[in-house]
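Colleague: Below is the structure I would like to discuss, written out as structure tokens.
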Amino acid sequence: MIQLTPEQADTLTTCADGVTRVCEEMHWTLAQLQEAALNSNIEQCPGCRWWCESIELIPYDSDDPDGFCTNCRQNET
């Protein structure tokens, strides 16, 4: 099972070019990066496509997970 290092996870979730940086560093395809990200509990928000920790895609004040990040949820209202 491939996983991201903490540094790679940080790059992926905080840098606009994080996908490119991590793929180039590891010589991974996008599919390999997506697998490693999921194994590290990181997913893309379907709204903004930003990479977030999976827990961020679950609203803390609802029993009905919508799968969107906090920013997308706030912009919806």
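Taken together, the values in this text are just the output of simple stated rules run on the coordinates, not laboratory data. Quantities reported herein were computed from a predicted structural model and do not represent experimental measurements. Every residue, glycine among them, receives a Cβ derived from its backbone with ideal geometry; neighbour counts consider all protein chains shown.
Colleague: Among the residues of segment 23-55, count how many are in contact with a Ser or Thr (Cβ under 7 Å, 6 or more places away or on another chain) and aromatic (Phe, Trp, Tyr).
Modeller: The total comes to 1.
Colleague: Scanning for something loosely packed, with under 12 Cβ neighbours inside 10 Å and outside any helix (DSSP H, G or I), does segment 30-48 turn up at least one residue?
Modeller: The answer is no; no qualifying residue exists.
Colleague: With respect to residue 61, is the statement that it is of a type in the set (Asp, Glu), free of Cβ contacts under 8 Å to residues at least 40 places away in the same chain, loosely packed, with under 15 Cβ neighbours inside 10 Å and in a loop (DSSP other than H, G, I, E, B) true?
Modeller: yes
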